[in-house]
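Read the structure below first, then the notes.
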Amino acid sequence: MRLAPDWKACPVPGQARLATAVSEIARDRRNPPVLRCGIQTPAGLIHANCVHLYTLRKVLDAVRGRWWKGATELERVIGIRNEESEIASQFCGAQAVPTLVLGDFNMTDDSAAFRRDWSRWQDAFASRGFGFGYTFNSRKIGLRIDHVLADPAHWSVVSCEVGPDFRGQHRPLIAELLLRSNARPASD
C-alpha cells in the first residue's frame, strides 16, 4: 500500500493492512478528536474514522453541584466539543473511498452540532436500529452518544443494535453494513 507522507503504517494480522492519519487541523491538540484508519482489504481501500469528542461529564457534575455558577464552564466545554465535531466532520467528509465514522461523539443525534456536522451521513441506528439505543447510562438517564455513520454513496445499512453490557461506561453499537456493488473501494 502506498502511503501519503502524513500516514503511518501499522501491521495487522491477516489479509487487511492498516495505516493511520490525524487531521492537520487537530494535530496540535493533546487529544485529536478523530483518527483515520486506512484499511487495505482484498476488495480495496476503506477509510474508518474513529471519533472521540470532548466529554461533558465533569462539567455536568459541576453544574449539578454549583447550579448556575457552572453555566459558564458548561458553555465553554460545549464550545470545545462542538468545535471538535466540526473538525472531525471536515476531516471525514469528501472521501472518494468507502468511508465510515464511528465512536463516542458525546452528543445525541438530536443535538444541533450533530445535525449540523453529520446529517449527510447514514446513522446506522437511526436507519436500522430499534428502541432507544442507549449506549451510555448516567445515574438517571440513558443516552445514545455512540454512533456508527456510513457514507451513503458506498454503504447500505443492514442492521444495527446495542450490544450487551460489558460493565464499561459505554455499551457497544453493532452495525452490519453492506458495501454497494457499484461502489467498490479504490485499490491503492
With P172 itself left out, Lys, Arg at +1 and Asp, Glu at -1 over residues whose Cβ is under 15 Å from its Cβ give -2
Take peptides 45-51, 92-98 and line them up by average Cβ neighbours within 10 Å, highest first, as a rough protection proxy.
45-51, 92-98
Give me a comma-separated list of calculated 3J(HN,Hα) values for region 165-179, in order, Karplus coefficients 6.51, -1.76, 1.60 applied at θ = phi - 60°, integers in Hz, x for any Gly or Pro.
7, 9, 6, x, 5, 10, 9, x, 10, 10, 10, 10, 10, 10, 6
Long-range amide H partners of N106, meaning residues 5 or more apart or on another chain whose placed amide H is closer than 5 Å, are L53
Quick one: Karplus J couplings for region 155-163, per residue in order, coefficients 6.51, -1.76, 1.60, θ = phi - 60°, nearest Hz, x for Gly and Pro?
10, 10, 8, 8, 7, 7, 8, 7, x
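A short reminder: the numbers here are calculations on the coordinates, not readings from a lab. Keep in mind that what you see is a predicted model, and the values were worked out from it rather than measured. Counting neighbours? That spans all protein chains shown, and the Cβs are built from the backbone with ideal geometry, glycine included.
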